[in-house]
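Read the structure below first, then the notes.
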Amino acid sequence: MVEEVIVTGCAGFVGSNLTKRLLDAGIKVNGVDNFSYGEQRNIEPFKNHPNFKFTEGNLIDPSTIENLSGQVLVHLASQKIPRYSTAYRTLDENYAMLKNVVNKCLKDKIRVVFASTSDIYGKNPNIPFTEDSNIVLGPSLVKRWAYALSKFYGEHLLIANQEEFGLEYTIIRIFGSYGPNQNLTWWGGPQSLFIERAFKNEEIEIHGDGLQTRTFTYVEDTVDGFFRAVTMKEAVNEIFNVASEPDEEITILDLAKKIWQWVNGNGAEAKLKFIPYKTFGNYEDVRRRVPSIDKIKKELNFKPKYNLETGMKKTIVWQKEVMGL
């Protein structure tokens, strides 16, 4: 039975929601964050919880987690797509953080639950993506693939350490999580900005033609997948997609229109502005991203509870409050 967990990135979006779920289940949490992307407000509700201990620090420094205890370490801290950072920071920091996590877990015999990404499936045209689908990344000169590569390398690093040294791991590939505590910039995903623009009656910026599709997952469902990965022995040394149902696939253009109507009322016509990809330099997007969740349903008894409308409406209520409207 898991009684104590280390959560890196605990003040971030998924991290704060997962921390709450673990605490509610009576599990002790040692949280780590440096607030580069996380928010103090995200940990306020449980800051004084008797089972929660917080360490502020950067995971690039191994001493940050050296003295923390736990049976499982959930590694959520990450640099993201270089559009929001740089390719160098994404590659360098994601490797450095994970290497320190792996060393810690090998030394203390802790299992790693690693937050990977649906982005690693890249341009694979075969939909839906299963956990053993091919990884099809774009050319090296397109820096957007640095994030997917950093996560793909991370997966291989964990698997290699399992084979060489017996490290136990679980890899979670997240598909478009959204909800309360999400980052309100592009870092948090398009829905964050779409909601803000709709409330302000300002143009929603659509990158490219808007016909690229995604499958969004409400954060409670994302966290449920992580919780099962932490607490169930069936998750050991496995890879799982954590996502909503594949029929929730939606174009970014339709997402913008729906959010506008959910904020401003049915029949309201969205204000849209299309931004060419060349604005971001040598950028390449993924046209479709659709998951298979058959494996996690079968092996961990996972079942998403929210569709896009119910989850997004709850998110809109939360974001309205955070925006002070």
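The local environment of Asp132, defined by Cβ-Cβ distances under 13 Å, has a net charge of -2 under the rule Lys, Arg +1 and Asp, Glu -1. Given their separation in residues at 0.36 nm each and the Cα-Cα distance between them, Thr251 and Glu309 gain 19.5 nm when the chain is fully extended.
Take 212-220, 312-320, 141-149 and order them by the average number of nearby Cβ atoms within 10 Å per residue, most first; the result is 212-220, 141-149, 312-320. For the pair Ile159 and Asn201, the difference between a 0.36 nm per residue extended length and the Cα-Cα distance amounts to 10.3 nm. Using only the Cα atoms of the chain, build the gyration tensor, take square roots of its eigenvalues as a ≥ b ≥ c, and label the shape rounded, prolate or oblate: rounded if a/c is under 1.5, else prolate if a/b is larger than b/c, else oblate. Because a/c hits 1.5 or more and a/b exceeds b/c, the chain counts as prolate.
Testing the spin-label approximation: label points 7 Å from Cα along Cα→Cβ at His49 and Asp24. State their distance in nm. In this crude spin-label approximation the distance works out to 1.0 nm. Where does the chain land at 222 nm, in deg cm²/dmol rounded to the nearest 500, when only DSSP H runs of n ≥ 4 count, each adding -39500 (n - 2.57), divided by all residues? So the helix-based figure for the chain works out to -11500 deg cm²/dmol. Please report how many Lys pairs in region 146-305 have alpha carbons closer than 16 angstrom, counting only residues at least 8 apart along the chain or sitting on separate chains. Number of lysine pairs found: 13.
Site pair Glu66 and Trp186 shows an inter-label distance of 3.9 nm when each label is modelled 7 Å from Cα along Cα→Cβ.
Give the shape of region 27-117 as rounded, prolate or oblate, defined through the alpha-carbon gyration tensor: a ≥ b ≥ c are the square roots of its eigenvalues, a/c under 1.5 means rounded, and otherwise the shape is prolate if a/b is larger than b/c and oblate if not. Since a/c reaches 1.5 but b/c is at least a/b, the shape of region 27-117 is classed as oblate.
Using a ≥ b ≥ c from the Cα gyration tensor of region 244-309 (square roots of the eigenvalues), is it rounded, prolate or oblate, where a/c under 1.5 gives rounded and otherwise the larger of a/b and b/c decides, a/b for prolate? Taking the square roots of the gyration eigenvalues as a ≥ b ≥ c, region 244-309 is oblate. Using 1/(1 + (r/R0)^6) with R0 = 51 angstrom and r between the beta carbons of Asn124 and Glu3, what's the FRET efficiency to the nearest 0.05? Taking R0 as 51 Å, the efficiency between Asn124 and Glu3 is 0.85.
Laboratory data are not the source of any read-out in this text; all were calculated from the coordinates shown. Predicted, not measured: the structure shown is a model, and the values here were computed from it. All Cβ positions, even for glycine, are placed from backbone atoms using ideal geometry, and neighbour counts span all protein chains on display.
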